[in-house]
Amino acid sequence: MKYMIFCHNGWGDFSYKRMLKLLPDRDEVLVVGEVMEKDEQDYDVCSISLTNMLSLDLTEYTTIVCSPYWLKTVNSLHPRYMIALLERCPDDQDAEMWNKYSELLAAQADIVGTASERIYLEQCLRREGIFLLSGESLLTYGMVNHRHDTLFLNDYEMIWFEALSSMNKGERFEQWTSVQWEIRCKYYVDLVATYPFHATISYLAATYLYLLGRSSDAGMYLVNSFEQMVLHDYLDCLESHYRFLSSMAAQVGDLEKAIRIYAVSVYSEEDQMKVIEMRNWLEHGKDDLVKAEIFRLNEDYASAIRTLKPLNTSESKSLLRDNYVQTYRYEDVLRLKEEGSLSHEKDSEISLVDSLLIRGTIHMLHNRPYEAVTAILTATTVELSALRWLSEMSSYEESAERMLRSIAYES
Amino acid sequence: MNHKPIRKTSGNRLTAMLQVRNEANRYLESVLHDLSEFVDEIVIIDDASTDGTFELCQSFAKVTRLIKLEKSEFIHEWQLRQRLWELAISTDPDWLLAVDADEFYEDLAKVHMRDLINQDQYDWVGFRIYDFWGGLTHYREDELWMIHQRHTRLLVRYLPDFYYFYPRMDHHVPRLPLSYAVLPGFQAELRVKHYGWAVSKEERYEKYLRYMSSDPNGEWGSLEQYQSILDEYPTLIEWKEDPL
């Protein structure tokens, strides 16, 4: 298997060097930009210039992309697989743009890894195929031989290795997600026993139990976390903590309770209308819509999408599209639209603008600037504020070019 | 399915909740008369009184729930608070008012009470409590006695699916579940007269001894404040009723 690494700020800042030795079925590993000779030997990688990289046929390569600013370049080269390694926004970058395009990167990648547990958990609630590339376990979970080295793997390395192996074989790798959740869950549940009055530890234990579908156990940890937050005067936790209980109630199928819990946390007229809408759905037996909406309102888009995908009504498709928009699955949004399954009243003029902007973004990220600008200018004929999209695209292009120039200069 | 909105703008029922102990010959009767004018129900836990407190409570029509404990639970105050809370919510209230057996709402507060609860924008109301000292004409104000400078949460909306808890403390437990702190509230410029210190010098001395005996190291409260109960010449300010 051939791999190509696209670092954000050059090889020096690449923080997953050891992981390169663990790449399964490893054949050739190329790094775009300069790599010190010693590192080339130590990590068994070869440096390749930007110009030479562009002349290769990337359909044979699995790309490892560490910056959202590579997305346009990598997309246009049609790699075999794309692995996204998500990082927190560097200090010198615009956070809003970095985060948005990191989401787009994650949405397009075949598999996603990150060393940040915060990013990891956020992504686990947004999509599938997410792996944490850090951990605390001191135990060895396996080993890999690379040239003359024998590498002992810790938990997350073993999971990452197995997931990548499955991906390379074209097999499913979701089971490794659950294995990782089990390990993280046990870690935090054990930690709660040592630190019972720590709000964050209890919250994390609750979150992993929830991800594992064990809400009946998770509630106790969440409630403990809520108590600790309040006792320590962190009072901004109505939505982050209390409302999470509504998702747990939805997960165990108690939808009436889920709505009631959600209703406690809403005050605006718009949110109150949402409560009424969900009650009507429940009354008319549309339980899955309620369940999915409660998940979405708690930012668990992954569960919402899982719930809605098998449904085939215009209402469910409309909700599914909303979840795709929230998670930057732009191709899926357009696919739903093209299937013509959205005849729901919500799919009106405003969504025409949205779909044009989405189409424009996809064109831009696939290096089709003419089509991108045309889509956005068409959107401005309906809604002038769509013009800001042009300015955002131009900022993205500038950031991407700045990064490419620095790599080209390096090599 | 129950379509009743969880926050109503009219027709809210108000339940007052009190824990009492040996209050028969003090202000309890007046307090119950007063509450009977503006609340719908009264819920009381009698913490093992040895005087006629229980019978006095029984004589008020609006006292719909009344429990007498065989043995005082005051040394584990959070449990007592929890028990009163559970009794109070068994009346299926919309709002709850936590009252002490020596507290009186000023007339203006009583007039506005229904306005405070018939709305859907906030879930609790804070009032200013004034500590009357040595009589019913003046309240105390100095650096250790300034509870009236801030608002105390005394009136809360009951939301059946919310999570309620009291801090597990033996003394100085807040009257209402702490979890209300995360919900939006309203700080009303309305006053509550607290007559707990409007007693003779001898009675104050007895209270001082009680505080020192239950919390000798100032674990639950301030020793300095306990000591100040004995101040010979505290700063007292004359109470003035606000016009309606």
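The set of residues from region B:170-205 being among the β-branched types (Val, Ile, Thr) and within 16 Å of the chain's Cα centre (by Cα) comprises B:Val173, B:Val192. Of the residues making up region A:304-318, those that are surrounded by fewer than 23 Cβ atoms within 10 Å (Cβ to Cβ) and in contact (Cβ under 8 Å) with a residue 12 or more places away in the chain number 7. The set of residues in region B:92-134 that are over 18 Å from the mean Cα position of the chain (by Cα) and either more than 20 Å from B:His33 (Cα to Cα) or within 14 Å of chain A (Cβ to nearest Cβ) (or both) comprises B:Asp92, B:Asp115, B:Asn118, B:Gln119, B:Asp120, B:Gln121, B:Tyr122, B:Gly134. Restricting attention to region B:185-220, which residues are without any contact (Cβ under 8 Å) to a residue 12 or more places away in the chain and within 14 Å of chain A (Cβ to nearest Cβ)? Hits for region B:185-220: nothing passes.
The combined condition, being within 23 Å of A:Ala304 (Cβ to Cβ) and more than 14 Å from every other protein chain (Cβ to nearest Cβ), is fulfilled by A:Ser178.
Yes/no per residue for (1) out of contact with any Gly (no Cβ under 9 Å at 6 or more places or on another chain); (2) buried (at least 24 other Cβ atoms within 10 Å of the Cβ); (3) among the polar types (S, T, N, Q):
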| position | (1), (2), (3) |
| --- | --- |
| A:Leu204 | yes, no, no |
| A:Thr207 | yes, no, yes |
| A:Ala218 | yes, yes, no |
| A:Leu245 | no, yes, no |
| A:Asp254 | yes, no, no |
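Residues that are hydroxyl-bearing (Ser, Thr, Tyr) and closer than 19 Å to A:Tyr69 by Cα were ranked within region A:379-394; the one that is surrounded by the fewest Cβ atoms within 10 Å (Cβ to Cβ) is A:Ser391. Note on region A:40-49: residues that are buried (at least 17 other Cβ atoms within 10 Å of the Cβ) and of a type outside the set (S, T, N, Q) amount to 3. Here A:Phe226 passes the criteria (1) outside any helix (DSSP H, G or I); (2) surrounded by 23 or more Cβ atoms within 10 Å (Cβ to Cβ) except the one numbered (1). Just checking, does region A:68-88 include any residue being assigned by TED's automatic domain parsing to the domain that holds A:Glu162, among the small types (Gly, Ala, Ser) and at pLDDT 95 or above? Within region A:68-88, one or more residues are assigned by TED's automatic domain parsing to the domain that holds A:Glu162, among the small types (Gly, Ala, Ser) and at pLDDT 95 or above. Residues in region A:149-167 that are free of Cβ contacts under 8 Å to residues at least 60 places away in the same chain, within 14 Å of A:Ser137 (Cβ to Cβ) and assigned to a helix (DSSP H, G or I): A:Asp155, A:Tyr156, A:Met158, A:Ile159. Every condition in (1) in a helix (DSSP H, G or I); (2) surrounded by fewer than 17 Cβ atoms within 10 Å (Cβ to Cβ); (3) more than 14 Å from chain B (Cβ to nearest Cβ); (4) of a type in the set (A, V, I, L, M) is met by A:Leu139 except one, and the failing one is (1).
Across region B:205-228, not a single residue is classified as in a loop (DSSP other than H, G, I, E, B), closer than 18 Å to B:Arg128 by Cβ and of a type outside the set (Val, Ile, Thr).
Taking the criterion of being in a strand (DSSP E or B) and either surrounded by fewer than 19 Cβ atoms within 10 Å (Cβ to Cβ) or away from chain A (no Cβ under 14 Å) (or both), the residues of region B:139-184 that qualify are B:Tyr139, B:Arg140, B:Asp142, B:Trp145, B:Thr152, B:Leu154, B:Leu155.
Pairs meeting the criteria (first residue in region A:329-343 and modelled with pLDDT of 80 or more, second residue of a type in the set (A, V, I, L, M), beta carbons under 6 Å, at least 6 apart or on different chains) are A:Arg329/A:Ala107; A:Tyr330/A:Ile358; A:Tyr330/A:Ile362; A:Val333/A:Val325; A:Val333/A:Ile358. Just checking, how many residues over region A:50-71 are in a helix (DSSP H, G or I), buried (at least 22 other Cβ atoms within 10 Å of the Cβ) and in contact (Cβ under 8 Å) with a residue 60 or more places away in the chain? Counting residues in region A:50-71 that are in a helix (DSSP H, G or I), buried (at least 22 other Cβ atoms within 10 Å of the Cβ) and in contact (Cβ under 8 Å) with a residue 60 or more places away in the chain gives 3.
So for region A:178-188 (the condition being under 28 Å from A:Thr59 (Cβ atoms) and not aromatic (Phe, Trp, Tyr)), does at least one residue qualify? Checked region A:178-188: no residue is under 28 Å from A:Thr59 (Cβ atoms) and not aromatic (Phe, Trp, Tyr).
The values are calculated or read from the model by the stated rules, or taken from the named source; none is laboratory data. Keep in mind the model is a prediction, meaning the values are calculated, not measured. All Cβ positions, glycine included, derive from the backbone under ideal geometry; neighbour counts span all protein chains shown.
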